[in-house]
Amino acid sequence: MAEELLRVERLCKSFPVKGVRGPGVQAVRDVSFTVCRGETLGLVGESGCGKTTLGRTILRLHEPTSGRIVYGGTTLFAREVGEEGRPKGKAQAVDMLPYRRRMQIIFQDPSASLDPRMTVGEIIGEAIDIHHLASGRESRAARIRELLELVGLRKEDAERYPHAFSGGQQQRVGIARALAVEPEFLVCDEPISALDVSIQAQVVNLLEDMQRELGLTYLFIAHDLSVVRHISRRIGVMYLGSLVELAGSGELIQKPLHPYTQVLLSAVPAPDPRASRSRRRIVLQGEIPSPLRPPSGCPFHPRCPRAVPACERTVPPLREVEPGHFAACLQAGSAP
Amino acid sequence: MLDTKRSRPLLAVEDLRVSFFHLEGEVRAVDGIRYTVERGSVMGIVGESGSGKSVQAYSILGLVPPPGRVTGGRITFEGRDVLSFSPEERAHFRGGEAAMVFQNPMTSLNPLYPVGSQLVEALRAHERGLSRREARERAAGMLARVGLQNPERRMEQYPHQFSGGMRQRVMIAMALICSPRLLIADEPTTALDVTIQAQILELLRDLQRETGMGILFITHNLGVVAELCDQVSVMYAGKIVEQGGVDDIFYAPAHPYTLGLLRSMPRLDGGNQGRLVPIPGTPADPLHRPAGCPFSPRCGACRPVCRRQPPPTVELGNGHRAACWLCAEERGGGGLG
């Protein structure tokens, strides 16, 4: 087994809402998983499921409410969970600055995440300066050139401003900025969903090349299951803040155990007209409930085609139904 | 005697050109496209951002925003010339005979009025004789038809009280309330999650089966095209580069751009097929399009002739055609079209 790089235990993140009693919006609820060095863990789910919040909470761009984050053997954050999911006791947390060098993020909207008043060279150089990674102006400029060429841009591009680039090129700048501090671990938050179809594959290939050349570890967050399947070794599925299934990517696509994963997979339109004419689709009734008032028991039970009375009462734990294949469903593993 | 009205296509677009006149110059957003939409059938227009797929649809309803305008070509609806409609004819056509569903339902509903009154307004604008009560009953019936529960109560609610998927259902109800014969849907599911998208696509399919309307469906998502469309037109840089039945486009693509799009997509069912094959480069700058084939700078099969001269449109049989020099050569020279 490969070396564990990141471990997340019972992580919770809620956002208080004015005028609402209780924990507020429970964006991430009791999520646990590990990521091994050099692997890509994909995270999928629909909008509002908490996947982006989870990615940001792991980097402590949002401070967790409770739970534990262990990175490379060091506990970055720990706080116990008490009654009814409320945090208990004092949080134990480290200064993140040295870890910012090792853990980076690529954002969804490349134009919104680049300062329009800075040149690309300044944007990348800022990261180098903060962590004192260059010994002088010459070596700083050389490093910027090297990074631009690494992500497939030209060294002259350092003088240009973000608006002069297309969306795909802007995302390359975002990748270069993240790589400037020589990180080991990257949260890729929907890095290609703002890009045109013909450009998406270019960026996916770039991310795969970078991973191979630099030995990077990815947490790849996206709503497009086909892309996540392509790039990930394992995939986690989130619904209403909870991790409901986690398995090897081929296994998850071919043998989904959680009813929500099954619905999600059957909803993905395939670029294959004959298959879609013959396919039977599970069309889900209703919509995702509000994370302000999540349902009791299993978060999916009000919409689940296989729900039984017990699902309303019991929160199903994420359990290993088959070797390496985890599902949070009371009925997973029993015949449908 | 054959009913001539029946044998004509519902909508025919011929050599349509739309340009935007900017200070920097003329941008030919739509550069001579032709297609038809038949009754009871779905024509999909696929393309990336900037391909002109939405602008060409706006021109059907006279909605091209300035500084853009239609600079050439013909659009006929049941044989009538849409572009020379009088303002009264256009008002009747728009919403009455042809209706549109937009990508973002939040920006197309008025946030200050309950959705019920917006539906009633749409209905009474086209059916003058209708009483308020009758109109409200029809509106409630339409909301129930698109899958809203408690339609009477829902009619009193404001757009912000609806989720994204429900708002899009309201938009579809509003578009269909006057029983149009043509529905134009501009990326109607792009802002929605996949499970909600599946619900909306199923709804559109059911409604079409019931009413026999023709649908012009604009999208960038090839998966959605495969699910819903009967005919497909692939647009690139203002031109239709390939057109045909949905099976021809997906199983026998002829244009290198179509082929490139299909190849560059990771497949959910296809296993981990190693490296993706992207289309190199970026879409052409609309102000400086290449002289010959617009796709030539990104095309792996580009020849010298592709850079010099626009490619002919080659008939491949069964309504399948592609605008490509390569196809022309394979067809034994082809004709300059």
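What residue among B:103, B:56, B:309 has the largest mean-square fluctuation in a Gaussian network model of chain B, using Cα springs under 10 Å?
B:309
With a 1.4 Å probe on protein heavy atoms only, tell me which residues of the range A:193-234 lose at least 40 Å² of accessible surface in the complex relative to the chain by itself.
Residues meeting the cut-off: A:196, A:197, A:198, A:201, A:202, A:205, A:226, A:229, A:230.
With each label point set 7 Å from Cα along the Cα-Cβ vector, what nm distance links residue A:112 and residue B:161?
Going by the 7 Å Cα→Cβ label model, 2.8 nm.
Per residue of the range B:128-138, in order, report the coupling 6.51 cos²θ - 1.76 cosθ + 1.60 (Karplus, θ = phi - 60°) as ³J(HN,Hα) in whole Hz, putting x for Gly and Pro.
Going residue by residue, I get 4, x, 6, 6, 4, 5, 4, 4, 5, 5, 5 Hz, with x marking Gly and Pro.
Amide H of residue A:217: which non-local residues (sequence gap of 5 or more, or other chain) have their own amide H closer than 5 Å, using H built in the peptide plane?
The list, which skips near neighbours in sequence, is A:38, A:185, A:186.
With every protein chain present, what is the per residue accessible area of the range A:4-232 (1.4 Å probe, Å²)? Let's see the in-between values first.
Numbers: 9750 Å² over 229 residues.
That works out to 43 Å² per residue.
Which whole-number percentage describes the relative contact order of chain A, with Cα contacts under 8 Å and a sequence gap of 6 or more?
On the way: 618 pairs, mean separation 61.4, N = 336.
Averaging sequence separation for qualifying contacts and normalising by length gives 18 percent for chain A.
Work through the residues other than residue A:159 whose Cβ is under 13 Å from its Cβ and net out their charges, Lys, Arg +1 and Asp, Glu -1.
+1
Report which residues of the range B:224-249 become buried by 40 Å² or more of accessible surface when going from the isolated chain to the complete set of protein chains (1.4 Å probe; DNA, RNA and ligands ignored).
Listed by number, the residues meeting the 40 Å² cut-off are B:226, B:227, B:247.
Amide H of residue A:106: which non-local residues (sequence gap of 5 or more, or other chain) have their own amide H closer than 5 Å, using H built in the peptide plane?
Under 5 Å from the amide H of residue A:106: A:187, A:188, A:189.
Before I look further, what does the range A:259-327 give for accessible area per residue, probe 1.4 Å, in whole square angstrom?
Roughly 51 Å² per residue, with all protein chains present.
Within the range A:233-273, list the residues whose amide N lies under 17 Å from a label point set 7 Å along Cα→Cβ of residue A:290.
Answer for the range A:233-273: A:240-241.
Over chain B, give the accessible area per residue in Å² for a 1.4 Å probe, as an integer.
The answer is 44 Å² per residue.
Roughly how many percent of the accessible protein surface of the protein assembly as shown is carbon and sulfur, given a 1.4 Å probe and a whole-percent answer?
50
In whole Å, how far is the Cα centre of the range B:267-313 from that of the range A:22-58?
38
Between residue B:267 and residue B:117, take the C-beta separation as r, use R0 = 41 Å, and let me know the FRET efficiency to the nearest 0.05. Kindly include the intermediate steps, with their values, before the conclusion.
Numbers: r = 46 Å, r/R0 = 1.13.
So, using R0 = 41 Å, E works out to roughly 0.35.
Could you work out which residue, out of A:125, A:136, A:73, moves most in a Gaussian network model of chain A, that is, has the largest mean-square fluctuation with Cα springs under 10 Å?
Its mean-square fluctuation being the largest, the pick is A:136.
Check which residues have an amide H placed less than 5 Å from residue A:5's amide H, if you skip close sequence neighbours.
Long-range HN contacts for residue A:5: A:35, A:36, A:37.
So which residues in the range B:165-213 end up with at least 40 square angstrom less accessible surface once the other protein chains are there, compared with the chain by itself, probe 1.4 angstrom?
B:193, B:194, B:195, B:198, B:199
With the contact rule set at Cα under 8 Å and sequence spacing of 6 or more, what percent relative contact order holds for chain B?
In percent, rounded to a whole number, it is 19.
Taking the Cα centre of each part, how many Å lie between the range A:278-336 and the range B:133-159?
32
Can you tell me the length gained on complete extension of the stretch residue B:206 to residue B:128, counting 0.36 nm per residue apart and subtracting the Cα distance? Walk me through the numbers before you get to the answer.
Values: separation 78, 0.36 × 78 = 28.08 nm, distance 2.85 nm.
In short, 25.2 nm is gained.
Residues with beta-carbon under 14 Å from that of residue B:143, excluding residue B:143: net charge, scoring Lys, Arg +1 and Asp, Glu -1?
Numbers: positive: B:136, B:138, B:145, B:153, B:154, B:167, B:169; negative: B:137, B:152, B:156.
Residues near residue B:143 contribute +4 overall.
Mind giving me the FRET efficiency for residue A:275 and residue B:104? R0 is 41 Å, r the Cβ-Cβ distance, nearest 0.05 is fine.
Values: r = 30 Å, r/R0 = 0.73.
The value I calculate is 0.85.
How many angstrom lie between the C-alpha centres of the range B:44-58 and the range A:107-131?
Cα centres, the range B:44-58 to the range A:107-131: 32 Å.
For the range A:5-95, what relative contact order do you get, as a whole percent, if you take Cα pairs closer than 8 Å and at least 6 residues apart?
28
How many square angstrom of accessible surface are buried between B and A, both sides summed, with a 1.4 Å probe and rounding to 100? Intermediate results must be reported in sequence, preceding the final value.
Details: alone 16760 and 16690 Å², together 29710 Å².
Result for this pair: about 3700 Å² buried.
Could you tell me the calculated FRET efficiency between residue B:329 and residue A:282, based on Cβ-Cβ distance and R0 = 35 angstrom, to the nearest 0.05?
So, using R0 = 35 Å, E works out to roughly 0.15.
Between beta-carbons, use under 15 Å as the cut-off and find the net charge around residue A:73, counting Lys and Arg +1, Asp and Glu -1.
Numbers: positive: A:7, A:37, A:68, A:102; negative: A:3, A:4, A:9, A:184.
Around residue A:73, the charge tally is 0.
So what's the back-of-envelope 222 nm ellipticity for chain B, counting only DSSP H runs of four-plus at -39500 (n - 2.57) apiece and dividing by all residues, rounded to 500?
On the way: 14 runs with 117 residues, N = 337.
Result for chain B, helices only: -9500 deg cm²/dmol.
The values are calculated or read from the model by the stated rules, or taken from the named source; none is laboratory data. From a predicted model like this one, the values you see are computed outputs, not experimental measurements. We place every Cβ from the backbone using ideal geometry, glycine too, and count neighbours over all the protein chains shown. Remember, those area values only see protein heavy atoms, side chains included, never the ligands or the DNA or RNA. Shrake-Rupley method; radii C 1.70, N 1.55, O 1.52, S 1.80 Å.
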